[in-house]
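Enquirer: Questions regarding the structure given below will be posed in turn.
Derivation of every value follows stated rules applied to the coordinates shown; laboratory data play no part. Source: prediction; values computed, not measured. When we count neighbours, we look across all protein chains shown, and the Cβ atoms used for this are built from the backbone with ideal geometry, even at glycine.
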Amino acid sequence: RKEVEQDPGPFNVPEGATVAFNCTYSNSASQSFFWYRQDCRKEPKLLMSVYSSGNEDGRFTAQLNRASQYISLLIRDSKLSDSATYLCVVKAAGSARQLTFGSGTQLTVLP
Amino acid sequence: NAGVTQTPKFRVLKTGQSMTLLCAQDMNHEYMYWYRQDPGMGLRLIHYSVGEGTTAKGEVPDGYNVSRLKKQNFLLGLESAAPSQTSVYFCASSYSDSNQPQHFGDGTRLSIL
């Protein structure tokens, strides 16, 4: 079983739609959680951190369920520019190296 | 606004050749990392460094060596390139606080023939 699992998609949605991505992680010692965005043939860039109480940044909402070891990302009012691959990333406590990436969920927003 | 800079951007090698990838960061980050990314897989950590003069193995270290002689630079070496090392290589850096995100370079596309 992969340490971080994501539905690879692709998700094809019309502009203005709401789309949700899910991610599960296997290491219960994971302490920090992030969503990164990666455009085609580009480097990953931090989209947002995920906090235990859930957090929102504009059209993006991230939630964490530690009991179920589950992270989600909700995108409201999708824009064409949201088309990208979204990477779920978890980090275990106490170690610089234990940043584990999911393989990503591909989103295409259609006009 | 340089951030993390990787050189070269592209390279084609023949099996058995050697080369060094350079990563430089200007954010005074303590930690630096080398990843590889292959189709359908997440980024996998090759080696990392928690400070000048220190390096450690990641998930997939075989066939690679690294050095961190200066805080701002992290070098990745392939001593004898193999076709299985064809990949996109990303360097990243971060502060030592575990809640700080990693900042990535824009990648090196390496093909081994």
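Enquirer: If you take just the strands (runs of 3 or more DSSP E) that sit entirely in the stretch A:6-103, which of them hold at least 2 residues that are within 13 Å of another protein chain (Cβ to nearest Cβ)?
Expert: Counting at least 2 such residues, we get A:19-25, A:30-38, A:44-50, A:84-92, A:99-101.
Enquirer: Here are some residues: A:R37, A:R59. Which one is touching a residue at least 24 places away in the same chain (Cβ under 8 Å) and on the phi < 0 side of the Ramachandran plot?
Expert: The unique qualifying residue is A:R37.
Enquirer: Can you pull out the residues in the stretch B:59-76 that are surrounded by fewer than 20 Cβ atoms within 10 Å (Cβ to Cβ) and of a type in the set (V, I, T)?
Expert: Within the stretch B:59-76, B:V60 is the sole residue that qualifies.
Enquirer: Please go through the stretch B:77-113 and give me each residue that is surrounded by fewer than 19 Cβ atoms within 10 Å (Cβ to Cβ), touching a residue at least 60 places away in the same chain (Cβ under 8 Å) and either more than 10 Å from every other protein chain (Cβ to nearest Cβ) or over 23 Å from A:A29 (Cα atoms) (or both), ordered by number.
Expert: Listed by number, the residues that qualify are B:E79, B:S80, B:A82, B:P83, B:Y95, B:D106, B:R109, B:S111, B:L113.
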